[in-house]
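Written out below as structure tokens is the structure these notes cover.
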Amino acid sequence: MKKYFLLLFLSTSFTMISQENTDFWDNVQFGGGVSMSFGSQTTIGVSPSAIYNFDNGFALGTGLTYVYSKNQDVKTNVYGASIISLYQIPNIGIQLSGEFEQSFAKQTFNSQSTSTSFPALYLGAAYNTGRFAIGIRYDVLYDDRSVYSSAISPIIRFYF
């Protein structure tokens, strides 16, 4: 229930900012990332997001995540929502990131399914060239509840 109040608070905050600042939409960027892997395990993911760029190199936003994975007879669907913070180090091209994500997974094996939920707190660094960033991130909350195979994952972001 606390998570829903947090999302309501953030959406209200963005609405109040947009009413005070007529240039609000000029500072909003939409984008996200995609992931694909084929072979013995098939993985397809999409993560749309929107961020608001502040004047001092900081950006704050929100995102959604969907990942489909199939490894032999095990199918996994992961749904999630996240809060994203970015900081662009001036004149270097390095972008630091922090992202809190709450995910829900449903795994199916031989017509039996199990559902789990797990949080993730990603800290990362990426090389940023304006609208494109590539780098690496680490989930500091990673444990055995996660359906992901590692706490380390790549960062590939596009914003328009």
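The values are calculated or read from the model by the stated rules, or taken from the named source; none is laboratory data. Note that this is a predicted model, so its numbers are computed, not measured. Cβ atoms come from the backbone with ideal geometry, glycine included; neighbour counts cover every protein chain shown. Just the protein is used for accessible areas: all its heavy atoms, side chains included, with ligands, DNA and RNA removed. Shrake-Rupley method; radii C 1.70, N 1.55, O 1.52, S 1.80 Å.
A few remarks follow.
- Among the residues of the stretch 103-113, some residue qualifies, meaning at least one is touching a Pro at 6+ places or on another chain (Cβ under 8 Å) and surrounded by 14 or more Cβ atoms within 10 Å (Cβ to Cβ).
- For the stretch 20-44, filtered to residues that are small (Gly, Ala, Ser) and in contact (Cβ under 8 Å) with a residue 24 or more places away in the chain, the residue that is most open to solvent (accessible area, probe 1.4 Å) is SER40.
- Condition broken by GLN88, with the remaining ones in (1) free of Cβ contacts under 8 Å to residues at least 60 places away in the same chain; (2) within 14 Å of GLU99 (Cβ to Cβ) satisfied: (2)
- Some residue of the stretch 52-66 being farther than 28 Å from TRP25 by Cβ and either part of a strand (DSSP E or B) or open to solvent by 60 Å² or more (accessible area, probe 1.4 Å) (or both): no
- So GLY98, is it at pLDDT 95 or above, in contact with a Lys or Arg (Cβ under 6 Å, 6 or more places away or on another chain) and at negative phi: no
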